[in-house]
Amino acid sequence: MDLVQHLKQRHLDLELHRPALDHAESTATFFLWNPSEQMVGFQQYRPGADKMVHGDPRLARYFTFVGHPTVAVWGLESLHLTPGVVFITEGVFDAARLTRRGVSALAVLSNDPNTDVKNWLRCLPRRVIAVCDNDAAGRRLARCGDVAVSTPGKDLGESPEEFVSDLIRRFVRR
């Protein structure tokens, strides 16, 4: 499958988020930003790769690099979409599913974000809704939000459209 089509199937709005695409290597690179809008890292996604690659983690399906311990999130460009609330998720594609629906969502790229990320989220002038995978890791992420919601499936990407619509309707005032 074509890389662009694959990313669109995973709910990524290529006009809003603009990852760097390497079609020859079938790789998408998502840039990670701190609250001062400085690029502090990246996550590479290789849809055809194994989830784990022993010997060279850069060849795995997901490879994340952050230059030094800091706040590093994906999706800051969506914060203007819904000023009163921001959804947080573990992964890029879970956040992308929400931003495609016109709501603010950030991927914290972890189920247990570092203290800097947690403190920054607490300082946001928004209600933070943690959308958690339905597992032990998701329960750790739940501690980062004002409210936590578990997905009915493995993660938000695999949840029914009805769940996503209800989630947005429940927390976003339009």
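Looking at LEU76, LEU98, LEU81, LEU106, can you tell me which residue is surrounded by fewer than 23 Cβ atoms within 10 Å (Cβ to Cβ) and either polar (S, T, N, Q) or at pLDDT 90 or above (or both)?
LEU76
In this structure, does ASP112 turn out to be over 20 Å from SER36 (Cα atoms), at pLDDT below 95 and open to solvent by 10 Å² or more (accessible area, probe 1.4 Å)?
It is true that ASP112 is over 20 Å from SER36 (Cα atoms), at pLDDT below 95 and open to solvent by 10 Å² or more (accessible area, probe 1.4 Å).
Considering every residue within the range 12-25, establish whether at least one is at pLDDT 95 or above, over 17 Å from the mean Cα position of the chain (by Cα) and closer than 22 Å to LEU76 by Cα.
Yes, the range 12-25 contains a residue that is at pLDDT 95 or above, over 17 Å from the mean Cα position of the chain (by Cα) and closer than 22 Å to LEU76 by Cα.
Please count how many residues of the range 115-145 are modelled with pLDDT under 90 and not in a helix (DSSP H, G or I).
3
If I go through the range 53-68 residue by residue, how many of them are touching an Asp or Glu at 6+ places or on another chain (Cβ under 7 Å) and open to solvent by 40 Å² or more (accessible area, probe 1.4 Å)?
Within the range 53-68, residues that are touching an Asp or Glu at 6+ places or on another chain (Cβ under 7 Å) and open to solvent by 40 Å² or more (accessible area, probe 1.4 Å) number 1.
Collect the residues in the range 30-52 that are closer than 22 Å to GLN5 by Cα and either open to solvent by 20 Å² or more (accessible area, probe 1.4 Å) or in a loop (DSSP other than H, G, I, E, B) (or both), keeping them in residue-number order.
Listed by number, the residues that qualify are PHE31, PHE42, GLN44, ARG46, PRO47, GLY48, ALA49, ASP50, LYS51.
ARG173 - would you say it is touching a residue at least 60 places away in the same chain (Cβ under 8 Å), more than 20 Å from ARG10 (Cα to Cα) and open to solvent by 60 Å² or more (accessible area, probe 1.4 Å)?
Criteria met by ARG173.
Please tell me if VAL149 is more than 23 Å from LYS8 (Cβ to Cβ) and either within 15 Å of the chain's Cα centre (by Cα) or not aromatic (Phe, Trp, Tyr) (or both).
yes
Yes/no per residue for (1) in contact (Cβ under 8 Å) with a residue 12 or more places away in the chain; (2) farther than 13 Å from ALA107 by Cβ:
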| residue | (1), (2) |
| --- | --- |
| ASP13 | yes, yes |
| PRO35 | yes, yes |
| PHE42 | yes, no |
| ARG46 | yes, yes |
| VAL53 | no, yes |
| ALA60 | yes, yes |
| VAL71 | yes, no |
| LEU76 | yes, no |
| VAL92 | yes, no |
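The values are calculated or read from the model by the stated rules, or taken from the named source; none is laboratory data. This is a predicted model, so every value here is computed, not measured. Because the Cβ atoms are built from the backbone with ideal geometry, glycine has one as well, and the counts that use them run over all protein chains shown. Ligands, DNA and RNA are stripped out before the accessible areas are found, and what is left, the full protein with its side chains, is counted by its heavy atoms. Shrake-Rupley method; radii C 1.70, N 1.55, O 1.52, S 1.80 Å.
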